[in-house]
Each structure stands twice: as C-alpha cells, then as structure tokens.
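The values are calculated or read from the model by the stated rules, or taken from the named source; none is laboratory data. Since the model is a prediction, treat every value here as computed from it, not as a measurement. We place every Cβ from the backbone using ideal geometry, glycine too, and count neighbours over all the protein chains shown. Calculation scope for accessible area: heavy atoms of the full protein, side chains included, ligands and nucleic acids excluded. Shrake-Rupley method; radii C 1.70, N 1.55, O 1.52, S 1.80 Å.
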Amino acid sequence: MTHVAFLRALNVGGRAVVKMADLKGAFERAGCRNVRTFIASGNVLFDAPPKLPAALKERIRKGLVKLFGSEPGVCYRTVDELDALIESDPFRKLAGDKTLKLYVCFADREPSPRPNLPLVDVKELVEITGMRAADLLIVSRRKPNGMYGFPNACVEALGVVSTSRNWNTVTRVVQFARKSG
C-alpha cells in the first residue's frame, strides 16, 4: 500500500534544509520500498504494509533524526485515506472564493479532547472549520498586512504534532502517487 509521510517544517523559510535525494535515502535505509518525493516541502511517498509497523516508523524516525540533527515531526496517511478526504470535498462551499487559502493540517493523532469547531485564531485570521479523523480543515484569510495567516496557528494549542499542506498540494500528492506508483 502507498503511504505518504508529511514532514513538518522541511525546507520552509530556510529551516531544516535537506536535499530530496538525502530524504529519499533515509526512508530507503529504514526499509521503505518504492520511495519517491513530491516537491521539496517534505512529502515522501513509499510502499509498506497497510498498517505501518511501529518498528518501521521508529527506523524512519531515527534516520530522520540523523539527517536533520533534531526530532522530526512526521504525520502518515495512506493514499487511500487522502483519496477519501478529497472525495468528501470538504471545501466545496469555499473553493470558488479566491480571497481564501484552504489547508489540511495533518495531525499525528486526533486531538483530545476534540475541539469545538469552528476554532478561530483572530490574530492570524485562520480557523479550523472541520475535522475528519486527525485531519483538520483550515481556512486562512488575508490579514491587514496583505499576508495570509499561518495555518498551524490554531492547531498548536491542541497538543498534537502537525503539519499543513494547501489543498492544491494535497490533491497533487494523490495525483502524483497514482502516476508514479
């Protein structure tokens, strides 16, 4: 089964800069098969059993610590899980609004307790509008300074390891998986 590892804060703003070939190698050395990367923001696709063995996750973690020099934030999803998310069309009512940026924040587990939604960060002008398992659906609005709010702003208080991808990237990861699998 094809899995996607979404790595947190990789090659963003000069932080955790790593070559994709080195990242691919870390996953291969951990025992992953058919490893490939998609764009340079920490999206690694690989084949493994449907339920990722804890030992494999630990080998990946150790390899990433060696590569980055620090503990990585990694959230795993299967391509089938991503397909189901896309099929649910969670942003259908907002997709035409070009003033918004739409994100999925992948968490390492469901937040406990489950937050009351929508959860809004007024300073960053972002809100969690929905949840699907451990996937948080986020809408970002333009701030007065012209920038969009940081999508993880309202997730960090939930006590989960998480990383965000814009909706377009999520759909493109799945397309890439289907073509490169």
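Worth a mention:
- Strands (runs of 3 or more DSSP E) fully within the range 126-171 that include at least 3 residues being crowded, with 17+ Cβ neighbours inside 10 Å, touching a residue at least 12 places away in the same chain (Cβ under 8 Å) and of a type outside the set (S, T, N, Q): 126-132, 135-141.
- Residue within the range 72-79 that is charged (D, E, K, R) and open to solvent by 90 Å² or more (accessible area, probe 1.4 Å) present: no
- For the residues Lys98, Lys24, Lys57, Lys19, the requirement of being at pLDDT below 95 and surrounded by 12 or more Cβ atoms within 10 Å (Cβ to Cβ) singles out Lys19.
- Set side by side, the residues Asp121, Asp47 differ, and just one is surrounded by fewer than 15 Cβ atoms within 10 Å (Cβ to Cβ) and acidic (Asp, Glu), which is Asp47.
- Scanning the range 85-93 turns up no residue that is open to solvent by 20 Å² or more (accessible area, probe 1.4 Å) and more than 30 Å from Arg142 (Cβ to Cβ).
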